[in-house]
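Undergrad: Sending over a structure as structure tokens; questions will come in a sec.
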Amino acid sequence: GIRVYHINFFVSDFLSEAAPLLETPLSSDVHAGELETSILLHAMPEMVRREKIEGTDDVLITLQDYYSGWLSSEYTPGNGTIGLPTRATPEKGKTLLTYIQNKIVNYLFQIACE
């Protein structure tokens, strides 16, 4: 009897209003790029090995709506990064987390009013 809700950050327009906060197009910020690295730099800076972030880690690709299968190593310099981690900042991370929190709270209010 429990209703389950799912919020899909990456395959919906959830982050569309946050796009101006980033230098990386959302369609190209796939893994360990500007968005995720910024959030971690703000929320858990001890988890980010800043000395490992180099210009060679910046990889921009545009994923299609559907791929039959691929490995991040096919696109990256060997570290799995797809995006622009060199553009990440703790300030962006704080703003992004606030955006995400506000969006989720808004959804919860909508759900509560159903």
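Undergrad: Quick one: which of S38, S12, S73 is among the small types (G, A, S), open to solvent by less than 70 Å² (accessible area, probe 1.4 Å) and part of a helix (DSSP H, G or I)?
TA: Just one listed residue meets the conditions, S38.
Undergrad: Of the conditions (1) among the charged types (D, E, K, R); (2) open to solvent by less than 40 Å² (accessible area, probe 1.4 Å); (3) more than 22 Å from P90 (Cβ to Cβ), R3 clears all except one; give me its number.
TA: Status for R3: all satisfied but (2).
Undergrad: With E34, E91, E51 as the choices, which residue is more than 18 Å from the chain's Cα centre (by Cα) and of a type in the set (D, E)?
TA: E51
Undergrad: Next question, about the same structure. Could you count how many residues in the stretch 17-35 are open to solvent by less than 60 Å² (accessible area, probe 1.4 Å), modelled with pLDDT of 90 or more and in a helix (DSSP H, G or I)?
TA: Adding up the residues that qualify gives 4.
Undergrad: Restricting attention to the stretch 41-65, which residues are part of a helix (DSSP H, G or I), among the aliphatic types (A, V, I, L, M) and open to solvent by 30 Å² or more (accessible area, probe 1.4 Å)?
TA: If the condition is that a residue be part of a helix (DSSP H, G or I), among the aliphatic types (A, V, I, L, M) and open to solvent by 30 Å² or more (accessible area, probe 1.4 Å), then A43, M47 are the ones that fit.
Undergrad: Further question: Examine the stretch 83-102 for a residue that is farther than 21 Å from I7 by Cβ, touching a residue at least 12 places away in the same chain (Cβ under 8 Å) and among the hydroxyl-bearing types (S, T, Y), and state whether such a residue exists.
TA: Within the stretch 83-102 (the criterion being farther than 21 Å from I7 by Cβ, touching a residue at least 12 places away in the same chain (Cβ under 8 Å) and among the hydroxyl-bearing types (S, T, Y)), the answer is yes, since at least one residue qualifies.
Undergrad: Give the residue that is least open to solvent (accessible area, probe 1.4 Å), with candidates limited to residues of the stretch 84-114 that are closer than 14 Å to V48 by Cβ and not in a helix (DSSP H, G or I).
TA: A88
The values are calculated or read from the model by the stated rules, or taken from the named source; none is laboratory data. Note that this is a predicted model, so its numbers are computed, not measured. Glycine also receives a Cβ, built like all others from the backbone with ideal geometry; neighbour counts cover every protein chain displayed. Side chains included, ligands, DNA and RNA excluded: accessible areas come from the protein's heavy atoms. Shrake-Rupley method; radii C 1.70, N 1.55, O 1.52, S 1.80 Å.
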